[in-house]
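Inspection log for the structure reproduced underneath, given as structure tokens.
Derivation of every value follows stated rules applied to the coordinates shown; laboratory data play no part. Values in this document were obtained by computation on a predicted structure and should not be read as measured data. A quick note on method: Cβ atoms are made from the backbone with ideal geometry, for glycine too, and the neighbour counts reach across all protein chains shown.
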Amino acid sequence: MGANYDTDQKAKQAKLDKDVAYQRARDIGDMQKLLHMPEFRRFCWRKMSEAGIFLTSFTQNAMTTAYSEGKRIMGLGLLSDLNDADPNAFAQIQREYISEQKSKEAADKKEEEEVNAKPN
């Protein structure tokens, strides 16, 4: 009976491992396709920023720290998936964000100059 139990458990574990590997490969494939969309890259940046992946989670309140660390871990999971899908994805997303911020700053500056140039 013990040998059959071990064999059954090994077979079940092998099937589970195969299912997990299939799902992971599918998830990574999905992300590779989505990364071709600038909207998805902006979404990823926003979610990682909201998660505070490069910030400390520690506060004086243990519950707040736990909550913040939970958000951070979700963001780090997204970053890990991005890196698995395309090792250059994060750098591309970061460059696009910086470029967008510079364009916005230039437009804001131009608008301010136009407002200041109008006669009162």
Karplus-derived 3J(HN,Hα), 6.51/-1.76/1.60, for each residue of segment 38-53, Hz, glycine and proline x: x, 5, 5, 5, 5, 4, 4, 4, 4, 5, 5, 5, 4, 6, x, 5
Residue among 107, 51, 91 with the largest mean-square fluctuation in a Gaussian network model of the chain, springs linking Cα atoms under 10 Å: 107
Residue of 13, 101, 32 that the Gaussian network model of the chain assigns the largest fluctuation, springs spanning Cα pairs under 10 Å: 13
Longest DSSP-loop-exposure-free segment, chymotrypsin sites (Phe, Trp or Tyr not before Pro), the chain, at most 15 other Cβ within 10 Å: 59-120
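From the mean inverse distance of alpha carbon pairs (Kirkwood) and the Cα radius of gyration, derive Rg over Rh for the chain. Before the final figure, lay out the partial values.
Working: Rg = 23.2 Å, Rh = 18.4 Å.
We get a ratio of 1.26 for the chain.
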Nearby lysines by direct alpha-carbon distance to residue 102 (threshold 26 angstrom, same-chain neighbours under 8 apart not counted): 47, 110, 118
Of 23, 92, 60, the one that fluctuates the most in a GNM where the chain has Cα springs shorter than 10 Å: 60
Extension gain (nm, one decimal) between residue 11 and residue 109, 0.36 nm per residue minus Cα-Cα: 28.7 nm
Residue order, fewest to most surrounding Cβ atoms within 10 angstrom, among 19, 86: 19, 86
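So for 10, 71, fewest C-beta neighbours within 10 Å to most, what's the order? Intermediate values should be presented prior to the final figure.
Numbers: 10 10, 71 16.
Going from sparsest to densest Cβ surroundings: 10, 71.
Full extension from residue 116 to residue 34: what is 0.36 nm times the residue separation minus their Cα-Cα distance, to one decimal in nm? Before the final figure, lay out each step's value.
Details: separation 82, 0.36 × 82 = 29.52 nm, distance 4.30 nm.
That pair, residue 116 and residue 34, stretches by 25.2 nm at full extension.
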